[in-house]
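The values are calculated or read from the model by the stated rules, or taken from the named source; none is laboratory data. Remember, it's a predicted structure, so these values are computed and weren't measured experimentally. Here Cβ is always computed from backbone atoms with ideal geometry, including for glycine, and neighbour counts include all displayed protein chains.
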Amino acid sequence: MKTLIYVSLILAAATSAVFAQSTAEKTGANSLMGVSPKTEDFVTEAASSDMFEIESSKLALERSDAQTKTFAQQMLTDHQKTSDELKDLISAGKVKATVPTAMSSSHQSMLDDLKKLNGDDFTKQYHSDQEDVHENAVDLFKRYGDEGENAELKAWAATTRPALEHHLKMATDLNK
C-alpha cells in the first residue's frame, strides 16, 4: 500500500504543472524522485538544519557523556561555519534567497522534544536525531549539488556534502 501511495505521489508530482516544488520538498516527494529543490527551498532547509544542529548540540554539551560532547562540539563548529558560508553567499548577492531566522516546525519540534530529556534518554534521542538530520542533509545537498539552479550555491553544496557525509558516519557510529 505504501508503495502505491509513493508511486501515486511521484506520478502526481511529475505530471502536474501546478504541483509546487516547495510542497514537494516539504512532503519528501522531491527526495523520493531525486529532484533538486528550488534555491529558496534549499536555503530554507539547509539553514533550518544548521540551526537544529547548533541548538541541539549546545544541549548535548550540557547533558551528555564525553564521547557525545566531543561529537556535539564538532557539530557546533562545523554547522556554524556552514551557516556563515550560506549567509555570506546570500549577502554577497551570489544567491537570491532569504535566510530564515527560525528553524522549520519539524526541526523545532525535534528540539522541543530533546529539551524535555536528560541523561541516557537525552543522549539516545540526540544520537538518533543526529543520524536522521544528517541523512536528510546529505540527500538535500546531493540533490542540489548535482542539479541545483544557482551555480554558486550548487558548487557550495557539492563541496560541503563530504563533511555532511562524514557527520552522518560519525552519527551512525554513535548509534552502535
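Could you say which residue among Thr44, Thr123, Thr77, Thr101 is assigned by TED's automatic domain parsing to the domain that holds His166 and in a loop (DSSP other than H, G, I, E, B)?
After ruling out the rest, the residue left standing is Thr101.
Does Leu117 satisfy the criteria of being outside any helix (DSSP H, G or I) and assigned by TED's automatic domain parsing to the domain that holds Ala157?
Details: outside any helix (DSSP H, G or I): yes; assigned by TED's automatic domain parsing to the domain that holds Ala157: yes.
When the stated conditions are applied, Leu117 passes them.
Can we say Leu164 is over 17 Å from Ser64 (Cβ atoms), surrounded by 18 or more Cβ atoms within 10 Å (Cβ to Cβ) and either touching a residue at least 12 places away in the same chain (Cβ under 8 Å) or β-branched (Val, Ile, Thr) (or both)? Quick ask: steps written out before the conclusion?
Working: over 17 Å from Ser64 (Cβ atoms): yes; surrounded by 18 or more Cβ atoms within 10 Å (Cβ to Cβ): yes; either touching a residue at least 12 places away in the same chain (Cβ under 8 Å) or β-branched (Val, Ile, Thr) (or both): yes.
In short, yes.
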Could you please find all residues in segment 115-124 being out of contact with any Asp or Glu (no Cβ under 7 Å at 6 or more places or on another chain) and surrounded by 12 or more Cβ atoms within 10 Å (Cβ to Cβ)? Lys115, Leu117, Asn118, Asp121, Phe122, Lys124
Would a scan of segment 92-108 turn up a residue that is under 15 Å from the mean Cα position of the chain (by Cα), among the β-branched types (Val, Ile, Thr) and under 21 Å from Lys38 (Cβ atoms)? yes
